[in-house]
Amino acid sequence: MDSSLSLSVCIPAYSMGGMGAKYLRVSLDILAKQTFRNFEVIVADQSDDSHIADLCSSYADMTIRHLDTRHLKRQSSANTNAAINAAQNEIVKILFQDDFLNGDDAITQIAHAFAEPEVKWVVTGSEHTRDGHTLIRPFVPKFHDRIQFGKNTISSPSVLALRREKAPSFDEALIWLMDVDFYKQCALRFGPPKILRKPLVVNRQHASQVSESVSRARVRQELRHVRRKYAAHMSWGDWLHYVGRLRRSLL
């Protein structure tokens, strides 16, 4: 592996109903044990208390930059963009605060995937947890050309890493489709991702997830937004797929 590779782990954070700092501590503890050491952590914090800031300052042996992003739009797209824009290293690794890496060598394996310069973005396998300990439902990602319409075959942005140069931005008009739209942007810009089948990330399932609270009206609004955005790239099959997704949102 190229020893000069460096990573920025970008974590969008907020209070999350009082659970934000608790979830983040789990993730930071795992990051502190990583065998790969050439990385920084950027925590973009939209919480209205000091719990996350105080937590970040308690990790003296790890480079953590805490950003106060309360002035930005209060949603994941804007907050994740702020973290990415603050990144200083070559590779950006997204990690949502309620998720965590799976194993002490997770970043080593992700960094190794970028050893070839032609690799621009990487997605890894994942597992899920409800209690933070028991791992269930291993998932191997794959990309498909209609992913922007919501059939997410990759998983959350926590499985994503990409080269910072020419990286797209998350669309701040989107909440429900923010992840799949970003994957479509990456594919149009860089081609398909390199896939690591091993579950290097654990996605936490809980009632506060955005997917649990998105209204059908919001779903339709975002589907129409994405359709307009990619109209120039759409085949007749894409249009039929879009109409089918839109129709299901009405049921």
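Residues whose amide H comes within less than 5 Å of that of Arg65, counting only those at least five positions distant or on another chain, are Val41, Ile42, Val43 (H built at 1.01 Å from N in the peptide plane). Summarising the strand pairing of the range 7-208, around 30 percent of its internal DSSP beta bridges are antiparallel. Taking the charge dipole of the chain about its Cα centre, with +1 at Lys and Arg Cβ atoms and -1 at Asp and Glu Cβ atoms, the residue from Gln88, Ser15, Pro157 reaching farthest to the positive side is Pro157. A simple rule links phi to the HN-Hα coupling: the Karplus curve 6.51 cos²θ - 1.76 cosθ + 1.60 with θ = phi - 60°, which for the range 46-63 gives 10, 6, 9, 10, 9, 4, 6, 4, 5, 4, 4, 6, 7, 9, 6, 9, 9, 6 Hz, with x for Gly and Pro. In the chain the longest region clear of GluC sites (Glu not before Pro) that are loop-assigned by DSSP and have at most 15 other C-beta atoms within 10 Å covers 1-117.
Restricting the trypsin sites (Lys or Arg not before Pro) of the range 156-249 to loop positions (DSSP other than H, G, I, E, B) with no more than 15 neighbouring Cβ atoms within 10 Å leaves Lys166. Out of Tyr59, Tyr183, Tyr23, any idea which swings most in a Gaussian network model of the chain, alpha carbons joined below 10 Å? Largest GNM mean-square fluctuation: Tyr59. Report note on the peptides 130-140, 102-112: ranked by the mean count of other C-beta atoms within 10 Å, highest first, their order is 102-112, 130-140. Does the range 1-150 come out rounded, prolate or oblate, given a ≥ b ≥ c as the square roots of the eigenvalues of its C-alpha gyration tensor, rounded meaning a/c under 1.5 and, failing that, prolate meaning a/b above b/c? Taking the square roots of the gyration eigenvalues as a ≥ b ≥ c, the range 1-150 is rounded. A DSSP coil position with no more than 14 other Cβ atoms inside 10 Å describes the following trypsin sites (Lys or Arg not before Pro) in the range 1-76: Lys33, Arg37, Arg70, Lys73, Arg74. Looking at the square roots a ≥ b ≥ c of the eigenvalues of the Cα gyration tensor of the range 133-243, which shape do they give, rounded for a/c under 1.5, prolate if a/b is larger than b/c, or oblate? Here the range 133-243 falls in the oblate category. Note on the range 7-208: lysine pairs with Cα distance below 22 Å, sequence gap of 8 or more or different chains, count 26.
Computed from the coordinates by the stated procedures, all read-outs in this text should not be read as laboratory data. All figures in this text were calculated on a predicted structure; none of them were measured in a lab. In this analysis, Cβ positions are derived from the backbone assuming ideal geometry, glycine residues included, and neighbour counts consider all displayed protein chains.
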